[in-house]
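Enquirer: To start, I am sharing the structure in question, which I have written as structure tokens.
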Amino acid sequence: MERSISTKCIHLEEEEDCIKHYGAISYPIYQTATYAHMGVGKSTGFDYSRLQNPTREHLEKVVASLEGGISALAFSSGMAAISALMELFKPGDHLIVDSDLYGGSIRLFNNISKKNGITFTSINCCEGNVEQYITKDTKAIYVETPTNPMMNVADIESLADVAKRHNIWLVVDNTFLSPYFQNPLKLGADIVIHSGTKYLGGHNDTLAGFLVTSRQDIDEKLRFNIKTTGAGLAPFDSWLILRGIKTLGIRMERAQQNAHRLAEWLGRQPQVKRVIYPGLKTHPGYEIMKKQSRGFGAMITFETESKEFALAVLERVRMIKFAESLGGVETLITYPVTQTHADVPKDILAKNGITESVLRLSVGIEDINDIIGELESVFNSIEGL
Ligand SMILES: *Cc1c(COP(=O)(O)O)cnc(C)c1O
């Protein structure tokens, strides 16, 4: 019987038969750059830590097992992972990318990948008319679902069908839900991306990134890239992410429960014009998410009555931190227009509805009454101005 995802976060089945590492329950940190050889042509399987390191390899196996991939590679950040992925394309190649993506990914595509001769068509992939944009040069469809920060939901299975029919790849950045709630490879995607900095690490204490694939040919190319370009995750950071993953299940459950309560509360506040949380039945992506995911995550975007109100909230929160990033135990509030999406062209911001009165919350695992309590007193203090 296949083990449940919560158990896979804690136990890697293939390591269980033998007591290695003196029986250490916590996987050791192999803080070494290089490895001795027993003789000419005799390797322990580890030659140099840019190529591979036991701690990183253990983490990669855990992440591959969580996503149901044949292999995973751990990078020094999410952007390092996406950069390594983009090295798989050559000048003239064309990608269809969703128009509502993490701002850093858009910056990479527009400022570096384009310079390298790769072309892009940016469309709303959640509207389901992707096929008409495929050309003879198209090599991949690239999406996040739900998207950041507008929480649009794409149907992964139907995108995978389109990709298969045209013999191109479907790439899904699964950072927002983590493998605990969604497994795109099992729905037909070819490559899954994670910013491990977010839910996988879970504690806002280190950066990491992952590429996970279900295909041998892609894995071989990516391994060559990480060996050649050198952005592999360091041993200590690998260990931090391993430790974070052990509690992924209970963190995701608690954060989601909090997010649901908070989304409902926000919806009742007169200063809030719109709450975007896919776990609300009124969200247009609700039914698709019920079909393809095991949960709705803990990210909420909401539109306040004015730019002034949004700015006042950011100035006044105390326990809730005004900070970029997401997916940690701490609740964070972000201002997408000047933070995560500052480099996104203005017309795309406007098209996606990312205005100056929009705020984004990454709901943490604090007691929900303390989170709501703080926002309530912040909201009331602004009204009293
Ligand atoms: C943060 C993030 C990234 C980039 O990851 P880093 O670890 O910050 O480099 C990519 N995609 C999404 C959806 C993210 O939230």
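The values are calculated or read from the model by the stated rules, or taken from the named source; none is laboratory data. None of the values given here were measured: they were computed from a predicted structure. Cβ coordinates were reconstructed from backbone atoms using ideal geometry, including for glycine residues, and neighbour counts include every protein chain displayed. These area figures cover heavy atoms from the full protein model, side chains too; ligands, DNA and RNA do not enter into them. Shrake-Rupley method; radii C 1.70, N 1.55, O 1.52, S 1.80 Å.
Enquirer: Select from the range 330-347 the residues that are open to solvent by 30 Å² or more (accessible area, probe 1.4 Å) and in a loop (DSSP other than H, G, I, E, B) and write down the one among them that is farthest from the ligand (Cβ to nearest atom). I'd like the intermediate steps shown before the answer.
Expert: Of the residues in the range 330-347, the ones open to solvent by 30 Å² or more (accessible area, probe 1.4 Å) are 330, 338-339, 342-343, 345-347.
After this cut, where a residue has to be in a loop (DSSP other than H, G, I, E, B) as well, the list is 330, 338-339, 342-343, 345.
Values: Glu330: 15, Thr338: 16, Gln339: 11, Ala342: 14, Asp343: 13, Pro345: 18 Å.
Here the residue is Pro345.
Enquirer: Working only within the range 216-233, note down all residues that are touching a helix residue (DSSP H, G or I) at 6+ places or on another chain (Cβ under 8 Å) and either of a type in the set (Asp, Glu) or buried (at least 18 other Cβ atoms within 10 Å of the Cβ) (or both). Explain how you work it out, then say what you get.
Expert: Within the range 216-233, the first condition is being touching a helix residue (DSSP H, G or I) at 6+ places or on another chain (Cβ under 8 Å), and the residues that meet it are 222, 225-226, 229, 231-233.
Scanning the range 216-233 gives Leu222, Asn225, Ile226, Ala231, Gly232, Leu233.
Enquirer: What number goes with the only condition from (1) assigned to a loop (DSSP other than H, G, I, E, B); (2) in contact with a helix residue (DSSP H, G or I) (Cβ under 6 Å, 6 or more places away or on another chain) that Pro284 does not pass?
Expert: All conditions pass for Pro284, except number (2).
Enquirer: From the residues in the range 290-305 that are touching a helix residue (DSSP H, G or I) at 6+ places or on another chain (Cβ under 9 Å) and outside any strand (DSSP E or B), which one is farthest from the ligand (Cβ to nearest atom)?
Expert: Going through the range 290-305, the residues touching a helix residue (DSSP H, G or I) at 6+ places or on another chain (Cβ under 9 Å) turn out to be 291-300, 302-304.
Now narrow it down to the ones that are outside any strand (DSSP E or B): 291-298.
Numbers: Lys291: 21, Gln292: 17, Ser293: 15, Arg294: 19, Gly295: 17, Phe296: 16, Gly297: 11, Ala298: 13 Å.
Here the residue is Lys291.
Enquirer: Residues of the range 57-113 being within 16 Å of the ligand (Cβ to nearest atom), within 17 Å of Thr138 (Cα to Cα) and among the hydrophobic types (A, V, I, L, M, F, W, C), which ones?
Expert: Selection gives Leu85, Met86, Leu95, Val97, Phe109.
Every residue, every condition in (1) under 30 Å from Ala312 (Cα atoms); (2) within 16 Å of the ligand (Cβ to nearest atom); (3) in contact with a helix residue (DSSP H, G or I) (Cβ under 6 Å, 6 or more places away or on another chain); (4) modelled with pLDDT of 95 or more, yes or no:
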position: Thr206; (1), (2), (3), (4): yes, yes, yes, yes
position: Ser214; (1), (2), (3), (4): no, no, yes, yes
position: Ala255; (1), (2), (3), (4): yes, yes, no, yes
position: Val275; (1), (2), (3), (4): yes, no, yes, yes
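Matching residues to (1) open to solvent by less than 40 Å² (accessible area, probe 1.4 Å); (2) under 17 Å from Lys351 (Cβ atoms); (3) assigned to a loop (DSSP other than H, G, I, E, B):
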site: Phe89; (1), (2), (3): yes, no, yes
site: Leu101; (1), (2), (3): yes, yes, yes
site: Ile112; (1), (2), (3): no, no, no
site: Val143; (1), (2), (3): yes, yes, no
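Enquirer: How many residues, within the range 350-385, are assigned to a helix (DSSP H, G or I) and open to solvent by 40 Å² or more (accessible area, probe 1.4 Å)? Full working, then the answer.
Expert: Looking only at the range 350-385, we keep the residues that are assigned to a helix (DSSP H, G or I), and these are 350-352, 368-383.
Narrowing further to those that are open to solvent by 40 Å² or more (accessible area, probe 1.4 Å): 350-351, 369-370, 376-377, 380-381, 383.
Here the count works out to 9.
Enquirer: Now for a separate question. Mind telling me which of the residues Ser357, Ser362, Ser306, Ser377 ends up being in the same structural domain as Gln257 (by TED's automatic domain parsing), within 21 Å of Ile250 (Cβ to Cβ) and among the polar types (S, T, N, Q)?
Expert: Working: Ser357 fails: within 21 Å of Ile250 (Cβ to Cβ); Ser306 fails: within 21 Å of Ile250 (Cβ to Cβ); Ser377 fails: within 21 Å of Ile250 (Cβ to Cβ).
Going through Ser357, Ser362, Ser306, Ser377 in turn, just one is in the same structural domain as Gln257 (by TED's automatic domain parsing), within 21 Å of Ile250 (Cβ to Cβ) and among the polar types (S, T, N, Q): Ser362.
Enquirer: Here are some residues: Leu207, Leu280, Leu266, Leu187. Which one is within 26 Å of Pro149 (Cβ to Cβ) and under 16 Å from the mean Cα position of the chain (by Cα)?
Expert: Values: Leu280 fails: under 16 Å from the mean Cα position of the chain (by Cα); Leu266 fails: under 16 Å from the mean Cα position of the chain (by Cα); Leu187 fails: under 16 Å from the mean Cα position of the chain (by Cα).
Testing whether each residue is within 26 Å of Pro149 (Cβ to Cβ) and under 16 Å from the mean Cα position of the chain (by Cα) leaves just Leu207.
Enquirer: Which condition number in (1) open to solvent by 40 Å² or more (accessible area, probe 1.4 Å); (2) of a type in the set (Phe, Trp, Tyr); (3) touching a residue at least 60 places away in the same chain (Cβ under 8 Å) is the one that Phe75 fails?
Expert: Condition not satisfied by Phe75: (1).
Enquirer: A follow-up question, please. Could you list, in sequence order, the residues of the range 147-189 that are farther than 17 Å from Ser214 by Cα, open to solvent by 10 Å² or more (accessible area, probe 1.4 Å) and assigned to a helix (DSSP H, G or I)?
Expert: Once the filter is applied, which keeps residues that are farther than 17 Å from Ser214 by Cα, open to solvent by 10 Å² or more (accessible area, probe 1.4 Å) and assigned to a helix (DSSP H, G or I), the range 147-189 yields Ser158, Val162, Arg165, Tyr180.
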